[in-house]
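The values are calculated or read from the model by the stated rules, or taken from the named source; none is laboratory data. If you're wondering where the values come from, they're calculated on a predicted model, not measured in any experiment. Using ideal geometry, Cβ is built from the backbone for each residue, glycine included, and neighbour counts are taken over all protein chains shown.
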Amino acid sequence: MTSPSVLKIARAEVVAEATTILELNGTPHHLATEVAESLVGAQEVGHASHGLIRLLEYTKFVERGQVIPNAEPTIVTDNASAIVIDGNWGWGQIACKLAVQLAVERAQSHGVMGITIRSCNHIGRLGEYVELLAEQKLVSLMWCNADPAVAAFGGTQRLLGTNPFASGIPTDEKPLVLDFATSASAEGKIRVARANGQQVKPGQIIDKEGKPSTNPNDFYEGGALLPFGEHKGYGMSLMIELLGGALSGNHPSINDNYVVGNGAVLLVINPAKFVPYGEFLSDVVQASSRIRQSPPSDPAFPVMMPGDLENSIKAKNGGMVFVDEPIWASIMSLKAELQSSH
């Protein structure tokens with residue numbers, strides 16, 4: 001199937017348009033800018049699944065009352081190295097930014113700390129937050145559970161969320177950033193394929209009868225995503241589901257008392273509390289260098305480290321943002337509809 005045309009738009013313009021749409025949805029400017037930056041940040045490193053297309057979904061969240069656009073997160077439990085944040089059903093990105101801020105402050109003194117976030121809407125790309133922490137010389141692990149969308153290994157019913165996992169490790173240059181859904185595809189990538197009139201890869205979804213499919217509409221008509229790596233991805237997803245839900249207070253999505261949204265967990269480690277930071281950094285840099293210099297199986301594709309692809313995409317874009325034309329048209333149509341209703 002033919003790929004859609006791609007538009008190349010100045011970053012400042014894209015941020016401004018996203019901010020305007022969020023403001024038209026009732027979001028105060030300072031919060032709208034933060035959320036817009038998060039969406040554009042995902043878009044410009046090649047993760048359109050967590051980028052501008054989410055504005056369409058977010059507007060529906062506001063319309064049905066799932067998002068309270070002017071709400072800000074609060075700390076409900078503070079045990080020094082263990083904190084619980086209530087997102088108060090505002091934008092998930094805002095709650096996560098507060099978690100990052102607290103993690104940077106506390107990990108310097110405590111060495112290890114954990115933060116969970118409850119009553120939280122979609123938090124966006126987890127890689128954004130672990131990267132911010134790595135830039136502050138901190139190691140982090142982050143995950144969250146989510147609305148049921150993924151079948152258990154061998155099953156057909158939606159039971160688990162896409163349940164992403166991320167980790168950030170500081171280096172002497174760009175941080176190492178690992179970030180992936182435990183489903184065979186992030187739900188947002190299925191959403192992008194549907195918006196562009198494209199098929200998805202085999203092995204990513206099943207239809208409502210449990211049969212393999214490559215038609216993204218089959219997922220949205222009662223089908224399910226599959227876990228990545230068969231039983232391995234399923235096992236990892238289950239752990240994230242249980243710990244993301246139970247530790248945050250949002251509860252696992254499998255359970256009757258599940259609260260819609262993302263139950264997020266952030267664990268942060270200050271390596272300097274365990275070994276001299278220079279020694280830690282030397283180990284990471286030496287290992288990274290040897291891996292990157294290892295002979296590739298295909299000379300056209302060098303061996304990369306987690307985060308290298310995103311960094312290269314952003315650098316190559318040169319301050320521009322690439323957006324599929326059908327998605328941009330939908331966003332501009334959404335903006336016009338919101339303006340006409342005000």
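Annotations
- Test: residue in region 254-277 that is surrounded by 17 or more Cβ atoms within 10 Å (Cβ to Cβ), aliphatic (A, V, I, L, M) and part of a helix (DSSP H, G or I): yes
- Summed over region 18-35, the residues that are among the charged types (D, E, K, R) and within 21 Å of the chain's Cα centre (by Cα) give a count of 1.
- Tally, over region 283-336, of residues that are of a type outside the set (S, T, N, Q) and within 30 Å of Ala134 (Cα to Cα): 30
- Inside region 184-213, residues that are among the β-branched types (Val, Ile, Thr) and either in a loop (DSSP other than H, G, I, E, B) or more than 30 Å from Ser5 (Cα to Cα) (or both) make up a count of 1.
- Options Ser119, Ser109; residue that is modelled with pLDDT of 95 or more and over 17 Å from Leu243 (Cβ atoms): Ser119
- Taken over region 1-30, the residue count meeting the criterion of being among the β-branched types (Val, Ile, Thr), surrounded by fewer than 12 Cβ atoms within 10 Å (Cβ to Cβ) and assigned to a helix (DSSP H, G or I) is 0.
- Of Asp298, Asp283, all but one fail to be outside any helix (DSSP H, G or I) and charged (D, E, K, R); the exception is Asp298.
- Test: residue in region 33-42 that is in contact with a helix residue (DSSP H, G or I) (Cβ under 7 Å, 6 or more places away or on another chain), in the same structural domain as Trp143 (by TED's automatic domain parsing) and surrounded by fewer than 24 Cβ atoms within 10 Å (Cβ to Cβ): no
- The residues listed here are Ile313, Ile291; of these, the one that is touching a residue at least 60 places away in the same chain (Cβ under 8 Å) and surrounded by fewer than 17 Cβ atoms within 10 Å (Cβ to Cβ) is Ile313.
- Conditions (1) in contact (Cβ under 8 Å) with a residue 24 or more places away in the chain; (2) closer than 27 Å to Leu52 by Cβ; (3) surrounded by fewer than 23 Cβ atoms within 10 Å (Cβ to Cβ); number of the one not met by Gly244: (3)
- Only one entry of Gly92, Gly51, Gly124, Gly114 meets the criterion of being among the small types (Gly, Ala, Ser) and more than 24 Å from Val14 (Cα to Cα), and that entry is Gly114.
- For region 297-306, the set of residues classified as over 24 Å from Gly127 (Cβ atoms) and either surrounded by 10 or more Cβ atoms within 10 Å (Cβ to Cβ) or of a type in the set (A, V, I, L, M, F, W, C) (or both) consists of Ala300 only.
- Filter pass, Gly111 being farther than 30 Å from Leu309 by Cβ and surrounded by fewer than 21 Cβ atoms within 10 Å (Cβ to Cβ): yes
- Matching residues in region 143-175 - criterion: being among the aromatic types (Phe, Trp, Tyr) and more than 30 Å from Ala272 (Cα to Cα): Phe153
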